[in-house]
């Protein structure tokens, strides 16, 4: 074999290798699982929600909603009810990692919350918002009984909230809307236990909401309610204000004698 | 004798002597009339406030309109009553104080101390009289009367204390047993049995024994908790209670082992059960072990299983007394 022929053979085999590599590369890129493959089939609204998610939530909840260790839980299957409660009340996105997310001015408007809800609901499903209808359409007395058994231990018997362990707390229900209450019971945000529809039926939930909202609207015929927290603060006020007032009066009388 | 002389004589007989007396105001002066007007105004004010109290009590609208958000005159009903009563009482007090300070004479009087005991003659005669009366009744001689009176008196006294005995009762097994028994369904507040699918992970439900009046059972009340999937791996039962849970479900007594409060503040993420009374904390994934606060014992665990129809039932009563410790408690 001449030197020229050897050179030509080398060139042709090199060319074949290059063609093969390119072919494999193209083939891989076509056939390989694509990280955004799950996006296929998302509605327009959900895709808009995904965009918001990837800007605002992805740091703590992960690229595929799987959650990030010590940062944020997985969102697969939490459902739109959870999104409504967490984002709609401003608890999410968090400002910083702390014991518990606090209610604040929502970062997203209603349309954006709806888009996020659609995106989360499209990934694993989960509890959904209640169908249309009056969320206070329930028996008041029954609602009171359910509230005292299931809710009052943490949220106080008139819904003023209370302390939990290690800096956490059960928030006051004063600012909660009907839908906030409903989605909270349904999704069990953070440390609140979940009250699924088989445990507390939609009718039961409406009764509880009716009770809570009626309590808030009830007047205080006795005058100042002092936090509505019952005899303990009332006694405290009597002692601090009343007794101190009496002592001051006695001292005053003494100085005038 | 004039009245003033009689007063002085009475004082002398009791060993009292006025050593300084002063009128705060000159009788008939402008200052006296002013003081009188002040006192009178206070008393009249008190009367008017009391009158206003009664008028408000009768005439003021008192029915609160809850539908209207509770604004209106009726919300002032109770506060007005309180204010008017306080005003009446305060003005009476102010009037009395003003009267005493501005109109009553100021005087200093001394009284001589005398011996504590009565004179010897009085003591001896009194003792003799008492003994004489005792003899006259003849109680010392008439033993029948004395003994029968003693008997009657004793029984009367006993009769008065006797009903207290009804308050003393041996508790028997009331403290150590609850209505739970093998195969008894766990009921929700609505009286319906519970299936595993009824509860989502991270939920808690208060459950009652399926007996008459079970939903008012103070000692049988329990918490059925479904742990989160990531908590199941951490679950550790107490020794000898390894088969008390059913898959990811656990049931504990709802009565705190410290002072008997209902512990149902459940933190689903940390699986902690908190007591609202004294801040005791129990860990649901660790056999409800007490980790904080004054409670020292774990919450008793209720052994549960699912029966053939797919409903939760108890596998028996609690294996230890629920609630706070008591004298005869063995563990």
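Please treat every number below as a calculation from the coordinates, not as lab data. Bear in mind the structure is a predicted one, so any value in this text is a computation, not a measurement. Here Cβ is always computed from backbone atoms with ideal geometry, including for glycine, and neighbour counts include all displayed protein chains.
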* Taking Cα pairs under 8 Å and at least six residues apart, what relative contact order does chain B come out at, in percent? -> 13
* Structure fact -> Within 10 Å of the Cβ of an average residue in B:260-271, the count of other chain Cβ atoms is 5
* Label residue A:218 and residue A:247 with points 7 Å out from Cα along Cα→Cβ: what is the distance between them in nm? -> 3.5
* Going by the alpha-carbon gyration tensor, a ≥ b ≥ c the square roots of its eigenvalues, is segment B:161-222 rounded (a/c under 1.5) or, if a/c is not under 1.5, prolate (a/b greater than b/c) versus oblate? -> prolate
* Angle in degrees between helix B:3-13 and the longest Cα principal axis of chain B, rounded to the nearest 10 -> 70
* Percentage relative contact order, segment A:140-218, counting C-alpha pairs under 8 Å, at least six apart -> 36
* Structure fact -> Within the protein assembly as shown, the percent of DSSP beta bridges that are antiparallel, given to the nearest 5, stands at 95
* Helix A:79-88: angle to the longest alpha-carbon principal axis of chain A, degrees 0 to 90, nearest 10? -> 60
* Highest first, please rank the peptides A:136-144, A:66-74, A:188-196 by the mean number of other Cβ atoms sitting within 10 Å of their residues. => A:188-196, A:136-144, A:66-74
* Prolate/oblate/rounded label for segment A:140-218 (Cα gyration tensor, a/c 1.5) -> oblate
* Asked: Where in segment B:193-211 does the label zone of residue B:309 land, with the point 7 angstrom along Cα→C-beta and an amide N cut-off under 14 Å?
  -> B:193-196, B:210-211
* Asked: Does chain B classify as rounded, prolate or oblate by the C-alpha gyration tensor (a ≥ b ≥ c root eigenvalues; a/c under 1.5 gives rounded; else a/b over b/c gives prolate, otherwise oblate)?
  -> oblate
* Angle in degrees between helix B:30-59 and the longest Cα principal axis of chain B, rounded to the nearest 10 -> 40
* Asked: Can you give the FRET efficiency for residue A:139 and residue B:102, using 1/(1 + (r/R0)^6), R0 = 60 Å, r = Cβ-Cβ distance, to the nearest 0.05?
  -> 0.40
* Structure fact -> By Cβ neighbour count within 10 Å, fewest first, B:266, B:57 rank B:57, B:266
* Proxy reagent accessibility, fewest Cβ within 10 Å first, across B:277, A:57 -> B:277, A:57
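To the nearest 500 deg cm²/dmol, what mean residue ellipticity at 222 nm is calculated for chain B from DSSP H runs of n ≥ 4 alone, each contributing -39,500 (n - 2.57), summed and divided by the residues?
So the helix-based figure for chain B works out to -11000 deg cm²/dmol.
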* Asked: For B:282, B:244, what's the fewest-to-most ordering of other Cβ within 10 Å of each Cβ?
  -> B:244, B:282
* **Peptide-level mean, for A:192-202, of C-beta atoms on other protein chains within 10 Å** => 6
* Comparing B:29, B:118, B:290, which has the greatest mean-square fluctuation in the GNM of chain B with Cα pairs linked when under 10 Å apart? -> B:29
* MRE, 222 nm, helices only [DSSP H, n ≥ 4, -39500 (n - 2.57), over chain A, to nearest 500] -> -15500 deg cm²/dmol
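Just to verify a number: FRET efficiency for residue B:154 and residue B:129, C-beta to C-beta distance, R0 = 30 Å, to 0.05? Numbers along the way, then the final one.
Details: r = 29 Å, r/R0 = 0.97.
Taking R0 as 30 Å, the efficiency between residue B:154 and residue B:129 is 0.55.
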* How would you order A:77-87, B:38-48 from highest to lowest mean count of nearby Cβ atoms within 10 Å? -> A:77-87, B:38-48
